[in-house]
């Protein structure tokens, strides 16, 4: 199949590469064209804009940072909607507003007759490279079934969660878990260090019990090694928390833990940590717990 992929970031590029390895003809685009180079070397074709990708492909994936970016990719001057046909399926792997997602799907169907799935992913860059992502998909069930094989190239857990927009709603829940589990990870490591307990030993034991989590098992050791390279950036998780809190506000739903997490991630951004991995939140806890003489 001819596949398009727009957005060659930490997640998008390995996901696109997996589609290429699965034997599909791949057409790619990125605002910074040089990020397409590794895929071109592997056999993909880079094109100048999203409309050109749409002309070449039967299914176009999108993976860009925020709601406005998705809108520009679809409805901009050189966007997907300029060339979309009734047979086109757009699959958005980005994490954006559920309400905006529903509006984008309506606009695209009304203007061009094209179909839309929101299919945000979870599993970080490790899952993107391995093709083991969890993918939560909103949209028409028949369109989902038609595209299931493509999605299963990208993820080991692919679940239809409801109508269009529900994929993004599920992702909002997922990101609350990620943020709060990471807070617990940072706080447990902080307490262990202050109490004189070897944090490496603590992680080994707790990860195998009821207190274990993906964050503790995967990000805890990185914190101990002071490896803050991004598998997923603080800036992006902070954005996702904003989206979750906006949804909660519209639904008049009180989420105090999420509100605290958002404030701590905002503090990390204020300290210049936004482009570091989410595990760099541990540096905020280090700052908060410095002896007074060192501040």
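The values are calculated or read from the model by the stated rules, or taken from the named source; none is laboratory data. Computed from a predicted structure; not experimentally measured. Every residue, glycine as well, gets a Cβ built from its backbone with ideal geometry; the counts of neighbours run over all protein chains shown.
Taken together, the residues in the stretch 246-263 that are surrounded by 16 or more Cβ atoms within 10 Å (Cβ to Cβ) and part of a helix (DSSP H, G or I) amount to 5. Checked against (1) in contact (Cβ under 8 Å) with a residue 60 or more places away in the chain; (2) not assigned by TED's automatic domain parsing to the domain that holds residue 21, residue 151 meets all criteria but (2). Screening the candidates 158, 90, 126 for the property of being in contact (Cβ under 8 Å) with a residue 40 or more places away in the chain and either in contact with a helix residue (DSSP H, G or I) (Cβ under 9 Å, 6 or more places away or on another chain) or buried (at least 20 other Cβ atoms within 10 Å of the Cβ) (or both) yields one hit, 126. Residues in the stretch 175-206 that are touching a residue at least 12 places away in the same chain (Cβ under 8 Å) and farther than 21 Å from residue 125 by Cα: 184, 187, 188, 189, 190, 194, 199, 200, 202, 203, 206.
Does the stretch 102-115 contain any residue that is in contact with a helix residue (DSSP H, G or I) (Cβ under 6 Å, 6 or more places away or on another chain) and over 25 Å from residue 148 (Cβ atoms)? Checked the stretch 102-115: at least one residue is in contact with a helix residue (DSSP H, G or I) (Cβ under 6 Å, 6 or more places away or on another chain) and over 25 Å from residue 148 (Cβ atoms). The condition of being at pLDDT below 95 and surrounded by 13 or more Cβ atoms within 10 Å (Cβ to Cβ) does not hold for residue 188.
Inside the stretch 223-238, residues that are part of a helix (DSSP H, G or I), out of contact with any helix residue (DSSP H, G or I) (no Cβ under 7 Å at 6 or more places or on another chain) and surrounded by fewer than 18 Cβ atoms within 10 Å (Cβ to Cβ) make up a count of 1.
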